[in-house]
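Since the structure comes first, as structure tokens, the remarks are kept for the end.
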Amino acid sequence: MNLGIVSFMRGEFTEATSRFEAALDLARRLNLVVLQGRALYRLGDVKRAQGRLASATLLLNEALDLLRKNGTKLNQMEALSALAECKARQSDLPGAERLLTEATSLNGEHSQTWRARAWVEHQRGQKKKALDLLSRALATPPGDDPEHRQELSRLITTWGRGP
């Protein structure tokens, strides 16, 4: 899993996918439910980052089912936030809001909830709010969410240039 996260951070999505799939296979063989949920979340996160939202949504829903049974509140919040972002990017803003409400009730505000909220505001045409949320996410300590920092920076740059 950790090698997959490093690959993800480097933008090596094919390598990250391969490593997360290997972790998922092993977790299934050993019946490690939480690790299965984490691997599915990571696979979904790769698809989300690539913009492959339909497949990301399927993986994240599967991860969430497992993590709701045995995962930590942080695990659940991460999956809910990534799923909320997918919903927002697919123009299902009420669905995204519902997921974000659940995510924050579990583990409070976090860089991943702020990123998902930024997508909601971006879809609503609220550029300043979206950029403020991304900046808040990026301002969290680097160790809180290191794998998404480059993505946050890219979104700030891209959205800051927009009309």
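Just so you know, all these numbers are worked out from the coordinates, no wet-lab data involved. This is a predicted model, so every value here is computed, not measured. Reconstructed Cβ throughout: ideal geometry from the backbone, glycine too, with neighbour counts over all protein chains shown.
Miscellaneous remarks
- Extension gain for residue 127 to residue 153 (0.36 nm times residue separation, less C-alpha to C-alpha distance): 7.8 nm.
- Phi to ³J(HN,Hα) by Karplus 6.51 cos²θ - 1.76 cosθ + 1.60 over the stretch 6-15, Hz, x for Gly, Pro: 4, 4, 4, 4, 7, x, 8, 5, 5, 5
- The chain: relative contact order in percent, alpha carbon pairs under 8 Å with at least 6 residues between: 15
- Sites residue 70 and residue 161 - FRET efficiency at Förster radius 45 Å, r taken between beta-carbons, to 0.05: 0.55
- Fewest-first ranking of 8, 13, 20, using other Cβ atoms within 10 Å as the exposure measure: 13, 8, 20
- Cα-based equivalent ellipsoid, the stretch 78-163: semi-axes from gyration tensor eigenvalues, Å: 18, 17, 10
- Coarse-grained scattering of the stretch 1-71 at q = 0.19, 0.21, 0.28 Å⁻¹, given as base-10 log I(q)/I(0) from a Debye sum over alpha-carbon atoms: -0.67, -0.80, -1.22
- Ranking of 10, 48 by count of other Cβ atoms within 10 Å, fewest first: 10, 48
- Mean Cβ neighbour count within 10 Å, used as a protection proxy, ranking 51-63, 23-35 highest first: 51-63, 23-35
- Burial ordering of 43, 93, fewest other beta-carbon atoms within 10 Å first: 93, 43
- Shown here: Kirkwood radius over Cα pairs in Å, derived from the displayed model; of the candidates (1) 17.5; (2) 20.4; (3) 15.6, it corresponds to (3).
- Calculated FRET efficiency, residue 22 to residue 52, Cβ-Cβ distance, R0 = 22 Å: about 0.65 to the nearest 0.05.
- With Cα atoms defining each centre, the stretch 81-99 and the stretch 133-163 are spaced 18 Å apart in the structure.
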